[in-house]
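Taking it in order: structure first as structure tokens, then the write-up.
The values are calculated or read from the model by the stated rules, or taken from the named source; none is laboratory data. What you are looking at is a predicted structure, and each value in this text was computed from that prediction instead of being measured. Because the Cβ atoms are built from the backbone with ideal geometry, glycine has one as well, and the counts that use them run over all protein chains shown.
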Amino acid sequence: MINNLSRRDFLKISATTAGAFAVGQLIPPMVAQAAQEAGLLNVSGDGYIPSMCEMCVWRCGLIAKVKNGRVVKLDGNPDHPHSRGHLCVRGQSGLMNTYDPDRVLTPLIRVGKRGEGRFRKASWEEALDLTASKMLEIKNTYGPEAMVFSSTHNLSQVQFENLLYAYGSPNYGTQRSLCFNAMIVANLMTYGMEEPGRIYDDKLQYIILTGRNLMEAVSTSETGDLSDAIQRGVKVIYLDPRFTKTAAKATEWLPIKPGTDLAFHLALLNVIIGEELYDHSFVENYTVGFDQLVQEVQAYTPEWAAPLTEISAETIRRIAQEFAAAAPHALAHNGWRTSNFVNSFQTQRAITILNALVGNWNVTLKASGGESSGALGKPPQPAYPRVSALRLDGVPNKYPVVPLKIGVFQELRDNIITGQPYQAHGWFIARQNPVMSLPDRTKTLQAFEKMDFIATVDIFLNDTAWFSDVVLPEASYLERYDPVVPLGDKIFLRQPVIEPQGDAKSALWIYKQLGERLGLGDYFQYKDEEDYIRQQLAPLDVRLEDIKAKGYVELPAAEEAPSYTWNTPSGKIELYSDTLAKVGFPGIPVWEEPPQPPTGQFYLLTGKVAQSTQFATQNNQLLHKYSDEPGLWMNIDVASDRGLEDGDWVEVVSEVGKVHIRLKATPAIRPDCVYLTPGYGHLSKGLTTAFGVGASDSVLHVTYTDPASGGQALSQTFVTVRKV
Ligand SMILES: Nc1nc2c(c(=O)[nH]1)N[C@H]1C(S)=C(S)[C@@H](COP(=O)(O)OP(=O)(O)OC[C@H]3O[C@@H](n4cnc5c(=O)[nH]c(N)nc54)[C@H](O)[C@@H]3O)O[C@H]1N2
Ligand SMILES: Nc1nc2c(c(=O)[nH]1)N[C@H]1C(S)=C(S)[C@@H](COP(=O)(O)OP(=O)(O)OC[C@H]3O[C@@H](n4cnc5c(=O)[nH]c(N)nc54)[C@H](O)[C@@H]3O)O[C@H]1N2
Ligand code: SF4
Ligand SMILES: [Mo]
């Protein structure tokens, strides 16, 4: 779909670009030596190797079929609790990411202007020396805080963080505030844990999904659980201004007015309390703050919520009654990318409280410690240097309840631009595409202009690498080891199913090399990837060889007694949170009016599609082939009133940006909303399949941040649409 001009441009550029293999060039066989030594591949390089998918952050277990040193098929590992024998469409297409002709396979050093995309090939020696010398120069001139680090959830992140803490910078940008801060902080305040586990058992009767589009925004195991529950006749109420695939599967779709989920849930609380439908003994024994809650929700009747949400009072009352009647076998799902409005934190709090009132703890919700690497070993290392500089993202001074590790990435970006409280000069980015994933792309590029030095670790010349000074090519997930990870009572391994192509290297190798050049070698006391994993496994008395064949090792199952204590200041579920009240936020969720678009404008909605991951897989030739060209969804009646037809080119304008895109007229969206699929409109011409396709909603998104959780608010951007 790339237009001719841009393809020609790219080819011209790649004359001075250390591109990967040219399109169509034959990739030589790369027989994975470790796998062959372990007996997983025969002498011809054929066999089946278990490992883990990384087409998204969910890490399903996979089994790679390898022939003569090439991956020919990827299937789900039946023993992995996420994949349970299945890979989603992205997972199955993963080999095309590894074999993408656009892969970056040698380090690159920029030769043209930033954003021009002109690079030259470099050796690792040169690229690492340059990166380390720039990072040292910044540290020596401005202090370690002038160097920003950012990365998105991945298995080697532990060593990325090791590099950051050893270097001594407090400035760490993660995807979390762009994603689920509202949910995480609400759970921490109410339950004292980041995210309780959910139980989809045979007794489950009722689910309320608030904008959790599980059928498209896939988490394989939970998507499967929901699908099975629907088959069994579990009632599913789904709130979304769009008719998504989850809406299609749900018992009831409620096209709620954007930003009013809080009103809906406050009204559910009102009915459940007013009609005494809550679990009295659970509330008495295990919660604090019920009296304050009773007082606060009195005013939030279904009749009050109806005009706000545009869901009738009868429906709201009925759902409250049905939910309570099904309880404790009822689940109000707290969603995932809960970053829609600045009131999303209060919505999340209301959802956590709704669950608590009906006493579904240990029935549909349970304690979860998240990913704990507690039992694993790690290489020895000295203590980290003390950091005294303030953080650019305002945590904790401006955002007192946002955990340090979670941060507020969009605020960090904004303060790179303002230079307050000090100016940042360098940015080290790994496995992340902030040029696309942060709201307001123009601002992100402005922040880049402030940088003396930018380095990116990626497998592609993504949009962020395109603006970088050095690009360090990581081996793909099929070509490398990563640290092992525990999941339940198993420990899973990512291992190379082929050798890395070109000069690509694992992140474990890259961070160690960089660490040594920065004088931080003591923090990276592992010889190579295998040695790192052996040190992880040492306390468990497990050998790496024991894991390779099955891809995991089983540990003795820990006794899982249902727990009725919570890691909150009171030890109970906090309906009223003193922690919040003390720092000036409401201790009980209160109604916060969301902004509404002025007449003639629309809410701009974003949302995942099953065939792509964020901003990362649009260049995958297999996925691309089966994807429709993305268009701007607009309600079909509204389009017709405006004289617009399906396929028309339209101009979409927000306060901060403008894009051109084709219109998709559809009944599947509320009349006051439009929707754009994220992940298109790439700037990098190094993504030759994806470049030139669609438009980026990140260009349009205005940066709004919820003051409590630090989560961004993506549906709060309003746009005009006109034919061009
Ligand atoms: N295929 C695929 N699966 C993925 C991902 C992917 O990129 N691709 N990404 C993974 C990640 S990182 C995440 S965080 C999860 C995200 O999982 P989800 O949060 O379920 O997914 P999204 O599509 O981001 O948002 C869900 C829905 O919110 C709706 N929405 C917007 N504003 C409002 C509102 O005010 N109220 C309500 N009720 N709904 C609203 C949108 O229309 C959208 O359909 O998905 C994960 N799974
Ligand atoms: N408009 C809009 N903005 C959003 C969202 C939205 O729905 N709409 N969603 C938000 C959410 S939920 C999230 S989680 C964030 C995600 O935001 P990001 O984390 O910035 O986005 P990703 O696209 O996941 O970036 C992953 C990068 O990793 C690279 N990569 C893939 N495999 C490897 C590998 O093996 N090694 C290395 N080093 N790199 C690799 C990919 O090429 C890609 O460049 O975006 C948020 N922003
Ligand atoms: S959900 Fe899909 S893309 Fe993500 S890890 Fe699993 S198979 Fe891979
Ligand atoms: Mo996310």
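Quick one: how many residues across segment 213-255 are more than 13 Å from ligand 3 (Cβ to nearest atom), among the aliphatic types (A, V, I, L, M) and in contact with a helix residue (DSSP H, G or I) (Cβ under 9 Å, 6 or more places away or on another chain)? Write out each step before concluding.
The first filter runs over segment 213-255 and keeps only residues more than 13 Å from ligand 3 (Cβ to nearest atom), leaving 213, 225-255.
Restricting the remaining residues to those that are among the aliphatic types (A, V, I, L, M) gives 226, 229-230, 234, 236-237, 239, 247-248, 250, 254.
From what is left, the residues that are in contact with a helix residue (DSSP H, G or I) (Cβ under 9 Å, 6 or more places away or on another chain) are 226, 230, 234, 236-237, 239, 250, 254.
Counting residues in segment 213-255 that are more than 13 Å from ligand 3 (Cβ to nearest atom), among the aliphatic types (A, V, I, L, M) and in contact with a helix residue (DSSP H, G or I) (Cβ under 9 Å, 6 or more places away or on another chain) gives 8.
Within segment 138-145, identify whether any single residue is touching a His at 6+ places or on another chain (Cβ under 7 Å), in contact (Cβ under 8 Å) with a residue 40 or more places away in the chain and either closer than 26 Å to Ala708 by Cα or within 16 Å of ligand 3 (Cβ to nearest atom) (or both), and answer yes or no.
Within segment 138-145, none of the residues are touching a His at 6+ places or on another chain (Cβ under 7 Å), in contact (Cβ under 8 Å) with a residue 40 or more places away in the chain and either closer than 26 Å to Ala708 by Cα or within 16 Å of ligand 3 (Cβ to nearest atom) (or both).
Test of understanding: among Cys88, Cys60, which residue is farther than 21 Å from Ala549 by Cβ and near ligand 3 (Cβ under 7 Å from one of its atoms)?
Matching residue, one of Cys88, Cys60: Cys88.
Here's a check for you: in segment 671-724, which residue that is closer than 22 Å to Asp458 by Cβ and surrounded by fewer than 21 Cβ atoms within 10 Å (Cβ to Cβ) is farthest from ligand 2 (Cβ to nearest atom)?
Once the filter is applied, the top-ranked residue is Gly692.
Going residue by residue through segment 285-298, is there one that turns out to be surrounded by 22 or more Cβ atoms within 10 Å (Cβ to Cβ), at pLDDT 95 or above and of a type in the set (Phe, Trp, Tyr)?
no
Tell me which of these Ala325 doesn't satisfy, since it passes every other one: (1) closer than 27 Å to Lys257 by Cβ; (2) buried (at least 24 other Cβ atoms within 10 Å of the Cβ); (3) in contact with a Phe, Trp or Tyr (Cβ under 9 Å, 6 or more places away or on another chain).
(2)
Being closer than 30 Å to Thr677 by Cβ, within 16 Å of ligand 4 (Cβ to nearest atom) and of a type in the set (Ser, Thr, Tyr): is that true of Thr606 here?
Yes; evaluated as a whole, the condition is true for this residue.
May I ask you to say which residue of Pro483, Pro473, Pro496 is over 14 Å from Arg103 (Cβ atoms) and touching an Asp or Glu at 6+ places or on another chain (Cβ under 8 Å)?
Pro496
Report whether or not Glu655 is part of a strand (DSSP E or B), charged (D, E, K, R), within 27 Å of Phe691 (Cβ to Cβ) and away from ligand 2 (no atom under 13 Å from the Cβ).
Details: part of a strand (DSSP E or B): no; charged (D, E, K, R): yes; within 27 Å of Phe691 (Cβ to Cβ): yes; away from ligand 2 (no atom under 13 Å from the Cβ): yes.
No.
Mind listing just one residue for me: the one in segment 35-85 that is of a type in the set (D, E, K, R) and either crowded, with 21+ Cβ neighbours inside 10 Å or within 16 Å of ligand 2 (Cβ to nearest atom) (or both) and, of those, nearest to Glu554 (Cα to Cα)?
Ranking the candidates gives Arg59 first.
Of the residues Tyr511, Tyr552, which is within 21 Å of Tyr48 (Cβ to Cβ), buried (at least 22 other Cβ atoms within 10 Å of the Cβ), of a type in the set (Phe, Trp, Tyr) and in contact (Cβ under 8 Å) with a residue 24 or more places away in the chain?
After applying the criteria, what remains is Tyr552.
Is it the case that Arg103 is of a type outside the set (A, V, I, L, M, F, W, C) and closer than 15 Å to Thr456 by Cα? Reasoning before the result, please.
Numbers: of a type outside the set (A, V, I, L, M, F, W, C): yes; closer than 15 Å to Thr456 by Cα: yes.
Yes: the conditions hold for Arg103.
Starting from segment 326-347, keep only residues that are in contact (Cβ under 8 Å) with a residue 12 or more places away in the chain, then list their pairs with residues that are of a type in the set (Lys, Arg) and outside any strand (DSSP E or B) whose Cβ atoms are within a distance under 7 Å, requiring at least 6 positions of separation or different chains.
Close Cβ pairs satisfying both conditions: His329/Lys203; His333/Arg212; Gly335/Arg212; Trp336/Arg212.
Looking at segment 455-504, which of the residues that are acidic (Asp, Glu) and modelled with pLDDT of 95 or more is farthest from ligand 3 (Cβ to nearest atom)? Don't jump to the end; show me each part of the working.
Of all residues in segment 455-504, those acidic (Asp, Glu) come to 458, 463, 469, 474, 479, 482, 489, 499, 503.
After this cut, where a residue has to be modelled with pLDDT of 95 or more as well, the list is 458, 463, 469, 474, 479, 482, 499, 503.
Numbers: Asp458: 17, Asp463: 20, Asp469: 31, Glu474: 17, Glu479: 16, Asp482: 13, Glu499: 22, Asp503: 26 Å.
In this case the residue turns out to be Asp469.
Considering only segment 176-193, I want to know if a residue exists there that is small (Gly, Ala, Ser), within 15 Å of ligand 2 (Cβ to nearest atom) and at negative phi. Spell out the reasoning first.
First, the residues of segment 176-193 that are small (Gly, Ala, Ser): 177, 182, 186, 192.
Cutting the leftovers down to within 15 Å of ligand 2 (Cβ to nearest atom) gives us 177, 182.
Filter once more, so that each one left must be at negative phi: 177, 182.
For segment 176-193, residues small (Gly, Ala, Ser), within 15 Å of ligand 2 (Cβ to nearest atom) and at negative phi: present.
Taking only pairs six or more apart or across chains, which ones have beta-carbon atoms under 7 Å, a first residue in segment 603-625 that is in the same structural domain as Val652 (by TED's automatic domain parsing) and farther than 21 Å from Asp440 by Cα, and a second residue that is within 7 Å of ligand 1 (Cβ to nearest atom) and among the hydroxyl-bearing types (Ser, Thr, Tyr)?
Taking only residues 6 or more apart or on different chains, the pairs are Leu623/Ser612.
Which condition breaks for Glu126 when tested against (1) in contact (Cβ under 8 Å) with a residue 60 or more places away in the chain; (2) within 22 Å of Gly515 (Cα to Cα); (3) more than 16 Å from ligand 4 (Cβ to nearest atom)?
(1)
Has segment 302-318 got at least one residue that is buried (at least 20 other Cβ atoms within 10 Å of the Cβ) and among the polar types (S, T, N, Q)?
Yes; the residues of segment 302-318 include at least one that is buried (at least 20 other Cβ atoms within 10 Å of the Cβ) and among the polar types (S, T, N, Q).
Take Gly686 and tell me if it is outside the structural domain of Asp261 (by TED's automatic domain parsing), assigned to a loop (DSSP other than H, G, I, E, B), in contact with a Leu (Cβ under 9 Å, 6 or more places away or on another chain) and over 25 Å from Thr442 (Cβ atoms).
Here the answer is no, as Gly686 does not meet what is asked.
Residues in segment 414-431 that are assigned to a loop (DSSP other than H, G, I, E, B) and of a type outside the set (D, E, K, R): how many?
7
Which members of segment 55-82 meet the condition of being touching a Leu at 6+ places or on another chain (Cβ under 7 Å), within 16 Å of ligand 1 (Cβ to nearest atom) and in a loop (DSSP other than H, G, I, E, B)?
Result: Cys60, single match.
Keeping to segment 336-371, report how many residues are more than 13 Å from Met183 (Cβ to Cβ), of a type in the set (Val, Ile, Thr) and buried (at least 24 other Cβ atoms within 10 Å of the Cβ).
Adding up the residues that qualify gives 3.
Tell me which residues, restricted to segment 48-99, are hydroxyl-bearing (Ser, Thr, Tyr) and more than 23 Å from the chain's Cα centre (by Cα).
Tyr48, Tyr99
Residues in segment 426-445: is at least one in contact (Cβ under 8 Å) with a residue 12 or more places away in the chain, touching a Pro at 6+ places or on another chain (Cβ under 6 Å) and of a type in the set (D, E, K, R)?
no
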